[in-house]
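The values are calculated or read from the model by the stated rules, or taken from the named source; none is laboratory data. All values reported here derive from a predicted model rather than from experimental measurement. Cβ placement follows ideal geometry from the backbone for every residue including glycine, while neighbour counts extend to all protein chains displayed. The accessibility values were calculated without ligands, DNA or RNA, using every heavy atom of the protein model including side chains. Shrake-Rupley method; radii C 1.70, N 1.55, O 1.52, S 1.80 Å.
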Amino acid sequence: MSLPPRFIDVKAAIAASYPDFEARVTQAWAEILQEMVKVTDVIKAEGVDYIPQVSFSSLQTLSKEEIDKIKRRGSVVIRDVVDDAQAVQWKEELKVFVKVNDDKGVEGTPENDKQFFQLYWTKPQVQARSHPNLLAASTWLNNLYHTNDATTETSTKTMEGVDLNTPLTYADRFRIRKPGVQWDFHPPHVDGGAIERWEDPYFRKCFESIFNGNWRTHDPFALEGRLDAKSSLYGRPNQSSIFRTFQGWLAMSETAPTQGTLKVFPDVLLSNAYLILRPFFTPTVAVDSKDIFDANNWKYDLSKPDFPGIVPRDGGYAGPRPTPDLHPNMCLEETMTSVPKVNPGDAVFWHCDVVHSVEQEHTGSGDSAVMYIPAVPLTLQNQAYIERQRETFLAGERPPDFPKGQSEAVFEGVAKPEDIVSLAGRRAMGLQSA
């Protein structure tokens with residue numbers, strides 16, 4: 001699907017902003033295609049074991065090697081964040097909430113057999129988000145980010161309005177997926193900014209080393225650009241307008257690969273480099289040809305407005321949504337890797353740039369149930385969102401980033417401020433000053 005002609009100008013502006021752009025990115029593109037072949041072979045060989053797994057209790061004692069692995073692969077399973085019994089109890093309470101309030105207008109999909117719910121303020125969700133261990137895990141993840149400027153005394157802690165040790169709460173939904181149901185809602189995609197990654201000058205700064213041709217030095221954990229990036233230029237519903245360091249969910253059931261779990265492309269540096277430069281190249285051979293990995297079969301091309309994987313939606317743009325046809329070198333059918341088996345109380349987190357999806361099939365015998373709870377640090381932009389979100393919570397309305405719909409104030413058992421289980425949780429919701 002073609003984008004408006006004005007996006008040719010976006011490409012031209014980017015190309016004009018970096019010295020020797022064509023030569024540098026052409027060389028980088030050749031290197032990226034070669035690296036894709038190598039990484040694909042490793043991912044295929046290791047499978048689910050390629051996804052790092054750590055225990056919540058060990059977060060503060062991980063080695064540099066373990067941390068570097070998490071950062072390069074962009075995803076991690078954190079075991080035993082919450083007691084199993086508590087996670088299971090939350091799932092059962094959510095089931096009761098849905099049953100009791102179904103005739104009052106609870107929305108979900110599929111419409112005839114609801115499993116992904118447009119609910120944000122149930123007691124289990126509010127309690128889970130404010131659980132001290134979830135907030136501690138979020139803080140640890142936030143602190144994987146840093147500033148790049150090592151030549152000054154400016155540190156992350158002293159950046160205006162930024163505190164990576166103060167987590168904030170971003171309200172999202174939950175799913176209780178039944179076995180045997182085909183799930184086509186979440187093909188491979190990246191959240192937190194679509195065309196904005198190229199169109200917004202601040203967001204573009206996150207990828208400057210890629211645009212300079214020095215893609216190997218790209219640091220997905222550098223704060224520069226992230227803090228001022230506009231990830232929602234068009235105000236599209238379901239488009240996050242805040243900076244989430246990691247997206248995440250808390251498991252409320254036992255879920256293994258093939259049982260409706262998360263899949264990721266486990267190399268955030270490489271996927272960023274490929275996706276960011278892909279709009280500047282056009283293949284000259286069939287995308288299903290083995291010759292597609294030869295950089296000589298791609299041409300540098302600024303003549304089209306298309307940004308592969310970016311599609312118009314709801315007055316804005318969705319994506320990036322890589323596909324085998326548009327992004328053949330990612331070998332998505334082989335590299336999209338299911339996360340390892342999780343138990344109730346485990347949490348899975350993935351970097352905000354990671355390509356991820358949900359398995360289409362659920363071959364298990366029980367529910368695949370999760371609450372979506374990302375890691376969010378205190379920044380000026382995030383704090384402004386939290387203050388608006390707080391008002392929707394108090395009124396029982398949907399959070400600002402999500403489509404308007406049925407008020408939860410009419411539901412029986414919706415959470416109140418007193419259901420927040422920690423002081424840090426109140427602060428994370430904007431209900432308690434620091």
Item to complete: Take region 347-393, compute every pairwise Cα distance, and split them into 5 Å bins from 0; I just need the percent in each bin.
Response: 4, 13, 15, 19, 17, 14, 8, 7, 2
Response to the item:
Using eta = 0.692 mPa s and T = 37 °C, Stokes-Einstein with Kirkwood Rh from Cα pairs puts D for region 144-299, in µm² s⁻¹, at 175 µm²/s
Item to complete: Heavy atoms only, probe 1.4 Å: what % of the accessible area of region 161-251 goes to carbon and sulfur, would you let me know?
Response: 46 percent
Worksheet entry | Two-site FRET efficiency, residue 287 against residue 96, from Cβ-Cβ distance with R₀ of 51 Å, rounded to 0.05 | 0.55
Worksheet item: Per residue, what volume in Å³ does the convex hull of the Cα atoms of the chain enclose?
Response: 141 Å³
Worksheet item: For all pairs of alpha-carbon atoms in region 78-177, what percent lies in each bin of width 10 Å, listed from the first bin to the last filled one?
Response: 13, 34, 25, 17, 9, 2, 0
Worksheet item: Taking the alpha carbon gyration tensor of region 222-346, what are the square roots of 5 times its eigenvalues, largest first, to the nearest whole Å?
Response: 29, 23, 14
Discussion item. Given a 10 angstrom Cα cut-off, can you work out which residue in 65, 359, 208 is the most mobile in a GNM of the chain?
Written reply: 65
Worksheet item: To one decimal place, what Kirkwood hydrodynamic radius in Å is obtained for region 1-144 from all pairs of distinct Cα atoms?
Response: 20.5 Å
Discussion item. For the chain, take the longest principal axis of its alpha carbons; what is the angle in degrees between that and the long axis of helix 21-46, to the nearest 10 within 0 to 90?
Written reply: 50 degrees
Item to complete: Please calculate how many Å² of accessible area the chain carries per residue, with a 1.4 Å probe and no DNA, RNA or ligand atoms counted.
Response: 41 Å²
Worksheet, complete the sentence: With every protein chain in place, the accessible area of residue 102 for a 1.4 Å probe, in Å² rounded to the nearest 10, comes to 70 Å²
Fill in: Carbon plus sulfur fraction of accessible area for region 293-342, probe 1.4 Å, in percent
46 percent
Fill in: region 335-434: projected area of the alpha-carbon convex hull, averaged over directions, in nm²
9.2 nm²
Worksheet item: Taking Cα pairs under 8 Å and at least six residues apart, what relative contact order does the chain come out at, in percent?
Response: 29 percent
Worksheet item: So what's the Cα pair-distance distribution over region 88-140, bin width 10 Å, in %?
Response: 22, 46, 24, 8, 0
Discussion item. I want to check the label-to-label distance for residue 13 and residue 86. Put each point 7 Å from Cα in the C-beta direction and report it in nm to one decimal.
Written reply: 4.7 nm
Item to complete: Report, to the nearest 10°, how far helix 268-277 tilts away from the longest principal axis of the Cα atoms in the chain, using its own Cα long axis and a range of 0 to 90°.
Response: 50 degrees
Worksheet item: For region 1-119, which whole percent of the accessible surface, found with a 1.4 angstrom probe, sits on carbon and sulfur atoms?
Response: 50 percent
Practice prompt. Quick one: Debye curve from the alpha-carbon atoms of region 163-227 only, equal weights, vacuum; give me log10 I(q)/I(0) at q = 0.13, 0.22 Å⁻¹ to two decimals.
Written response: -0.62, -1.04
Item to complete: Would you look at the GNM of the chain, springs on alpha carbons closer than 10 Å, and say which of 368, 209, 75 moves the most?
Response: 209
